[in-house]
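Enquirer: Can you read through this structure? Questions will come right after.
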Amino acid sequence: MNRILRNLIVMLLATVSCLMVAAVLIFAELRGARSVFGAMEDSYIPAGAMVAGLLAATGFYVGSRLLRLRPARIMLGVILVLAAGTVVLMDSVDFSLATVKPRSIHGVAGAMAFVGNALAESPLRVALPGGAGGSGQAGAGQGAGSGMASGDNNSNVQGIGGGVQGMLSTGNALSADNMTDAMSTAKQQLQNVQELGSSVLSHGALLWLATLQFAGFAVASVLAFVALRHVSYCDECLIFLSKKGEQTRYFNREPEIQGSVDEFLSRAKARRFRQSVEAHAGIGSKEKKTTSEFSSTVEISRCPGCHRHRVKFSARCKKGMTWKDISMLGYEAFCLEPIDVMRGAIPIRIR
């Protein structure tokens, strides 16, 4: 399987993962559940979007690991586009659900029609610069005002009128029960109209909320992308390496670690990698002790594609309770020679 096909498969998995998370959330909200995606902590932390983004990132991360694919840089753009699309979808649905009764939409066809209508009438289309129906604060105010004034074009206002007409047609308009029910329905629908108007007027707040949700939803996928880019990979095949094993030795004094470095590098730079690994095993101690101040590690990996082996040497020193890498002593190389860290060691005496 070539790299282009693997990238396409990972993109498809990332898209499917986002759609599945969105579908589950929309289904729950259509059944009357509280909006999870819109949940906020301390008014500026998009907790719901972060949880949804974490779930959506699993498709991208697991797919990349299973296919051993180091994601290309273009994959970051795909991740951001998917995050933006998911935010627009969920915000549009949440806005439209405020104008309908819970559990009033049934069936897959009805849900899909509702989602399509929600996207077509999304408030983000108005809030975005150059969007339909808005070219500034003045245009937004006029749009909201005309929407409030022209009740014939608003389903909520029509619902109020229909409720009153229905009450009159029954002949019990003065009934206390009917009056209470009618006033309760009218109050609820007027609140929906007011919420609709306030949403149109606060374009800046709407865009700020969408931006926070976008950042919260995308953060998990971006972190997964960064983590995958730092996994060891073959520089020719651009796929993840399979680790064969590692060999670590510990030292009490600086001359001992220096002797380990010299013995390893003298052979490795001569392309005698097997001998360098065997020599490394013959110096120092394989057990870490309380007196250990330095360590060196040889890690052997193999590319599943071209079958080359990678030899990576690193050294560390103890700083308090932690160990720090000595970057200037690091070494890494690929070779066609099969190498195994379990081979016998050559005893080396450090003077």
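The values are calculated or read from the model by the stated rules, or taken from the named source; none is laboratory data. If you're wondering where the values come from, they're calculated on a predicted model, not measured in any experiment. No Cβ is skipped: glycine too gets one built from the backbone with ideal geometry, and neighbour counts run over all protein chains shown.
Enquirer: Assigned to a helix (DSSP H, G or I), of a type in the set (Gly, Ala, Ser), outside the structural domain of Cys303 (by TED's automatic domain parsing) and within 13 Å of the chain's Cα centre (by Cα): does that describe Gly53?
Expert: Spelling it out, Gly53 is indeed assigned to a helix (DSSP H, G or I), of a type in the set (Gly, Ala, Ser), outside the structural domain of Cys303 (by TED's automatic domain parsing) and within 13 Å of the chain's Cα centre (by Cα).
Enquirer: Here are some residues: Leu25, Leu12. Which one is part of a helix (DSSP H, G or I) and more than 30 Å from Leu238 (Cβ to Cβ)?
Expert: Leu25
Enquirer: Just to be sure, is Ala205 crowded, with 17+ Cβ neighbours inside 10 Å and of a type outside the set (Asp, Glu)?
Expert: no
Enquirer: So, one more: Restricting to the range 208-263, what's the tally of residues that are in contact with a helix residue (DSSP H, G or I) (Cβ under 7 Å, 6 or more places away or on another chain) and surrounded by fewer than 14 Cβ atoms within 10 Å (Cβ to Cβ)?
Expert: Adding up the residues that qualify gives 0.
Enquirer: The conditions are (1) assigned to a helix (DSSP H, G or I); (2) closer than 25 Å to Ala315 by Cβ; (3) in contact (Cβ under 8 Å) with a residue 12 or more places away in the chain, and Thr248 fails exactly one of them. Which is it?
Expert: (1)
Enquirer: Can I ask one more? Just the residues that are part of a strand (DSSP E or B) and more than 18 Å from Arg274 (Cβ to Cβ), please, taken from the range 231-245.
Expert: Of everything in the range 231-245, those that are part of a strand (DSSP E or B) and more than 18 Å from Arg274 (Cβ to Cβ) turn out to be Tyr233, Ile239, Phe240, Ser242.
Enquirer: Inspect the range 30-40 for any residue being assigned to a helix (DSSP H, G or I), touching a residue at least 40 places away in the same chain (Cβ under 8 Å), under 19 Å from Val88 (Cβ atoms) and not β-branched (Val, Ile, Thr) and give the result as yes or no.
Expert: yes
Enquirer: Quick one: would you say Cys306 is farther than 16 Å from Glu254 by Cβ and surrounded by 12 or more Cβ atoms within 10 Å (Cβ to Cβ)?
Expert: yes
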